[in-house]
1. State the Cα centre-to-centre distance between region 335-386 and region 21-57 in whole Å.
2. Please give the calculated 222 nm ellipticity per residue for the chain, where each DSSP H segment of at least 4 residues contributes -39500 (n - 2.57) and the sum is spread over every residue; nearest 500 deg cm²/dmol?
3. Could you calculate the contour length gain from Ile33 to Asp2, that is, 0.36 nm times the residue separation minus the distance between their Cα atoms, to one decimal place in nm?
4. Among the listed pairs Lys70/Lys125; Lys125/Lys380; Lys38/Lys238, which are separated by more than 19 Å between their Cα atoms?
5. How far is helix 38-63 tilted off the main Cα axis of the chain, in degrees rounded to 10, range 0 to 90?
6. Could you order the peptides 245-257, 27-39, 8-20 from most to least packed, using the average number of other C-beta atoms within 10 Å per residue?
7. Angle between the Cα long axis of helix 126-151 and the longest principal axis of the chain, 0 to 90 degrees, nearest 10?
8. Rg and Dmax of the chain over Cα atoms: what are they, in angstrom?
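What follows is calculated from the coordinates using simple rules that are stated; it is not laboratory data. In this text, all values refer to a predicted model and were calculated from it rather than measured experimentally. Glycine gets a Cβ as well: all are built from the backbone with ideal geometry, and neighbour counts include every protein chain shown.
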Amino acid sequence: MDPYERLLDLTVFLLTVSYQLIMPILPIYIHDILGASKQEVGIIISLAAVASAFSRIPSSLWTMRRNILKILIFGVSLNTVALLGYTLSLNPWMLAFFRILHGISFALNYTLTLSLASLIVRPDKAQRAIASYTASIAMGLWIGPALGVILSSFLDSRMLIFSAAMMSSTAILSCSFFLRMKPELWESIYYSKVKISLMIKSLLKRPIILPTFFYLLYSTVVGSLLAYGPLRAKIDFKITDQAIILFFTIYFLIVYLLRTILSKSAHLLLDVNLLYLALGSCAFGILLVGLSPTIEMFVAGIYLVAIAHGLTFPLIALMIVHIIPPNLRIIGNAIYLTSWDIGNLLGPLVVASILYVTSLSIALAIISLFAITALLLTSKITRIIG
């Protein structure tokens, strides 16, 4: 692996750690510390997805006419500003503003880093690079909550979020080093002479809609779990904040282990049976999270969803690499990742809406219908792999 690949993976790892450090307790922070209702929690959590969904494609088109590396460092800096804003927020709607900024940073950072992962290497190395990139994200997904468990034992919620902002500032440093190195192939992703209308017309001729819709269904389940799983654990099972963070640390450790296996055996990314496994465990897992009468079954459901979280992103990301040529990779990834934003928006909003007529446990169980629909589409989407 080249040094600039390592720096890119390090940057996305640090970014992911900075957010995941607070993710399990953010709904509780908004509910208990800032005084939001359960419905308001869902709305505020989903604002990042709203901002990301609306800004991802326009920002990708803007990026393709500018210096992509400088825009990446702007996005990383915006992540730090948003986390500092969480720390300074005095009420739920003040935090909501910074939640929007955070969503814009997601749109910039993850679209650009995913695109760069495959564009700064030779095409024959793209599969390995994507696997390594997704493994770096997965490592951040569990190390973040693991740090949260340790830090929450002697820091209150505000200082824990401030620690996340300091972690994000280290990503600015690694991104700066990456920018200075200017990877050898970075010129190939600068498309200022290509007409946007021609790019979009060419892109829509390719089979990108099905994997995008598939990923949206999956993302709706994950968004619901991450927004409301901690609240059900707190309200229904009286679990402490530290225990909740620990549960999600193990959740993301499972994600990391699965993606590490894929990065070491990249040929597994072409195994279509993994998609059936991922969506089956996703559907059954969220059903358990919603209907489980005991803490043991609740946690088992969380970890079944973790299996889907570990497998689905790298599998679909590789499909996008196969069907989208390099000159359309940034906008293609933007469209694909927008489905993650919409799913993370839709999940909490659907749960929040159902809460007006039923309990939180039933609302989470109903979300399993999204995973079941994705499972039914799996046979069609696997034809893209071959």
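1. 18 Å
2. One gets -27000 deg cm²/dmol as the mean residue ellipticity at 222 nm.
3. 6.7 nm
4. Lys70/Lys125; Lys125/Lys380
5. 0 degrees
6. The densest-packed peptide leads the list: 8-20, 245-257, 27-39.
7. Long axis of 126-151 versus the principal axis of the chain: about 30 degrees.
8. 19.5, 59
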